[in-house]
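See structure below.
The values are calculated or read from the model by the stated rules, or taken from the named source; none is laboratory data. A quick note: this is a predicted structure, and the numbers were derived from the prediction, not measured. When we count neighbours, we look across all protein chains shown, and the Cβ atoms used for this are built from the backbone with ideal geometry, even at glycine. Protein only, heavy atoms only, side chains kept; ligands, DNA and RNA dropped before computing areas. Shrake-Rupley method; radii C 1.70, N 1.55, O 1.52, S 1.80 Å.
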Amino acid sequence: MLKATLLKAAGSPALKRQMTANPVARRVAGRFIAGTTIDDADRVIRELNAKGAPVALDYLGENTESEAQARDSTAAYLAALDRIQEQGLDANISVKLTAMGLDIRPELALEEASRVAARGKEVGAMVGVDMEAHAYVERTLDTVVQLAKSYDQVGVCLQAYLYRTRDDLARLNELGVPVRLVKGAYQESPEVAYPEKARVDAAYARLLDTLIQDNPYPMVGTHDPALVRLTKTLVARYERDRGTFEFQMLYGVRRDLQEQVLAEGYRLRVYVPYGDQWYPYFMRRLAERPANLYFFLSNLLKR
Ligand code: FDA
């Protein structure tokens, strides 16, 4: 119930205006977000690289409403790739297709994403496509399949809570597209997604088996210690080399687990968002864990 309310609030323009202007909200959001500029992101990438963790850099933004905004998002992703190359940072990028115009026209998003994928190929950095709400899944996968025909360094995120993911994963495995598996962060109807957490966790475990067995480069996106353990069992069972898969976790979430996985010699990539459009991302992080909301509210009251 609380989760559903927070996820609904993530789409509210009025709340967005209030929260982004609120210094306490900005400070608390700073736990999950590197900052607003590419220089902020650069600093965080260097800190993480120094600890042995590569980064997936996410320029925040989603649901752009004009072609000009979509082109601005592309420009920001291209600038991020330039920075990665110029500074020799150990990072790739993660993009959202609605930031590049998927709501306006799918062809626009494909055009813009192709420009980013072409630059990613030059830089030698994977361009990972995030997965958004269920209404976008079909269009996102169509775009990714088109991109993958020309660029082999394009990957995509799949969400274990969706019933359709079993078939989507089989198809992407067949096409040889790298997949990041996550549980799923949006509010979805029981017609398309498992409503109970236990069933989402069980679906993740089943999908993980196929991912580790058949995907060219599995990206295991979770902070769930049981699923991290299961991954280790599966990579041993399927004799996967440590260089052929990676764990991925979010900046500011379960740093203890991140350190443990790194100390054990596994590859762990940290997903680092930056930019001033942090409101919906922050709300999804609050929704994932009620303790985050209490921390935020207690900080507001302490003011
Ligand atoms: P679960 O929710 O069971 O959490 C396991 C443990 O992790 C918790 O017990 C808690 O300790 C900790 N934890 C989890 N979330 C936390 C938080 N916000 N704050 C503090 N602690 C927290 N989703 C999506 O729909 N599309 C996408 O493209 C992506 N991309 C993505 C990339 C990467 C690298 C990750 C790790 C995750 C995503 N997600 C995502 C988000 C994902 O769908 C999911 O909502 C979160 O990862 C939380 O689920 P867990 O697998 O961590 O399990």
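What the table below lists for this structure:
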item	result
Residues of region 1-35 classified as of a type in the set (S, T, N, Q), out of contact with any Leu (no Cβ under 9 Å at 6 or more places or on another chain) and not in a helix (DSSP H, G or I), total	1
Tally, over region 260-280, of residues that are free of Cβ contacts under 8 Å to residues at least 40 places away in the same chain and either open to solvent by 80 Å² or more (accessible area, probe 1.4 Å) or within 10 Å of the ligand (Cβ to nearest atom) (or both)	2
Residue pairs meeting the criteria (Cβ under 6 Å; at least 6 apart or on separate chains; first at positive phi, in region 30-59; second surrounded by fewer than 20 Cβ atoms within 10 Å (Cβ to Cβ) and aliphatic (A, V, I, L, M))	G52/L262
Residue satisfying all of: in region 281-298; among the hydrophobic types (A, V, I, L, M, F, W, C) and more than 23 Å from the chain's Cα centre (by Cα); most open to solvent (accessible area, probe 1.4 Å) among these	F295
Hey, L158 surrounded by 21 or more Cβ atoms within 10 Å (Cβ to Cβ), closer than 27 Å to D90 by Cβ, under 15 Å from the mean Cα position of the chain (by Cα) and within 15 Å of the ligand (Cβ to nearest atom) or not	yes
Unique residue being closer than 17 Å to D90 by Cα and touching a helix residue (DSSP H, G or I) at 6+ places or on another chain (Cβ under 9 Å) when the list is V235, V272	V272
Selection count where residues are over 17 Å from E132 (Cα atoms), free of Cβ contacts under 8 Å to residues at least 12 places away in the same chain and not in a helix (DSSP H, G or I), scope region 80-115	1
Boolean, E47 is exposed (fewer than 15 other Cβ atoms within 10 Å of the Cβ), in a helix (DSSP H, G or I) and of a type outside the set (G, A, S)	yes
Cβ pairs under 7 Å, 6+ apart, first in region 198-218 and closer than 14 Å to R164 by Cα, second within 16 Å of the ligand (Cβ to nearest atom) and of a type in the set (A, V, I, L, M, F, W, C)	V200/A160; A203/A160; Y204/A160; Y204/L181; Y204/L227; L207/A160; L207/L169; L207/L181
Qualifying position, being small (G, A, S), touching a helix residue (DSSP H, G or I) at 6+ places or on another chain (Cβ under 7 Å) and in a helix (DSSP H, G or I), among A198, A205	A205
Filtered residues of region 124-141 (kept if open to solvent by less than 10 Å² (accessible area, probe 1.4 Å), hydrophobic (A, V, I, L, M, F, W, C) and in a helix (DSSP H, G or I))	V137, L141
Test result for Y251, under 15 Å from N92 (Cα atoms), more than 10 Å from the ligand (Cβ to nearest atom) and of a type in the set (S, T, Y)	no
Candidates V144, V192, filtered to the one that is of a type in the set (V, I, T) and within 26 Å of V270 (Cα to Cα)	V144
Among the candidates V179, V144, residue that is under 15 Å from M219 (Cα atoms) and open to solvent by less than 10 Å² (accessible area, probe 1.4 Å)	V179
Which listed residue is farther than 21 Å from D224 by Cβ, touching a residue at least 24 places away in the same chain (Cβ under 8 Å) and of a type in the set (D, E, K, R), from R139, R180	R139
Region 208-259 - residue that is assigned to a strand (DSSP E or B) and of a type outside the set (D, E, K, R) and, of those, surrounded by the most Cβ atoms within 10 Å (Cβ to Cβ)	V220
Some residue of region 211-221 being farther than 28 Å from G120 by Cβ and out of contact with any helix residue (DSSP H, G or I) (no Cβ under 8 Å at 6 or more places or on another chain)	no
